[in-house]
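In what follows, a single structure is set out as structure tokens and then discussed.
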Amino acid sequence: MFTLVLDLGGGTYVSQYEGPSPAAALRSWAQNELPLLVQAGAPPAVVSLASVADDDPTPLTGLINVWCVTGRVDSELALLNIIATVA
């Protein structure tokens, strides 16, 4: 289980997805969560974050079981942290 925390445009969006790796959880998140975020009022351009699903999450230095990917929505930075979570 992985907890994904997206910071974008002054909002923080948190969800959980299962997968054998952070990259697999990221792919599930991109396929399932992005449409829900748009429905919930996130900027429509948020769907452009689907491209991050092709990225390899970067381990954060000095931390255990925490990764990060970044993307852009229009002119804003999107920061997505992925945290291994015990279910």
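The values are calculated or read from the model by the stated rules, or taken from the named source; none is laboratory data. From a predicted model like this one, the values you see are computed outputs, not experimental measurements. As a convention, Cβ positions derive from the backbone with ideal geometry for all residues, glycine included, and neighbour counts pool all protein chains shown.
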Self-check item: Near pairs, Cβ below 8 angstrom, 6+ apart or cross-chain, from the range 2-28 (at pLDDT below 90) to any residue that is surrounded by 15 or more Cβ atoms within 10 Å (Cβ to Cβ) and among the small types (Gly, Ala, Ser)
Solution: LEU8/ALA42; LEU8/ALA78; GLY9/ALA42; GLY11/ALA42; TYR13/ALA42
Quiz item: Within the set of pairs 6+ apart or on separate chains, which have a first residue in the range 65-87 that is within 15 Å of LEU34 (Cβ to Cβ), a second that is crowded, with 17+ Cβ neighbours inside 10 Å and of a type in the set (Val, Ile, Thr), and C-beta atoms under 6 Å apart?
Solution: VAL69/VAL52; GLY71/VAL52; VAL73/VAL46; LEU80/VAL69
Quiz item: Limited to the range 1-15, what total is found for residues that are within 12 Å of ALA78 (Cα to Cα) and not β-branched (Val, Ile, Thr)?
Solution: 7
Exercise. Output the number of residues of the range 1-55 satisfying the condition of being assigned to a helix (DSSP H, G or I) and among the aliphatic types (A, V, I, L, M).
Key: 16
Quiz item: Looking at VAL69, is it surrounded by 20 or more Cβ atoms within 10 Å (Cβ to Cβ), out of contact with any Phe, Trp or Tyr (no Cβ under 8 Å at 6 or more places or on another chain) and assigned to a helix (DSSP H, G or I)?
Solution: no
Practice problem: State all residues of the range 16-68 that are polar (S, T, N, Q) and under 14 Å from LEU79 (Cα atoms); if no residue qualifies, say none. | Solution: SER48, SER51, THR58
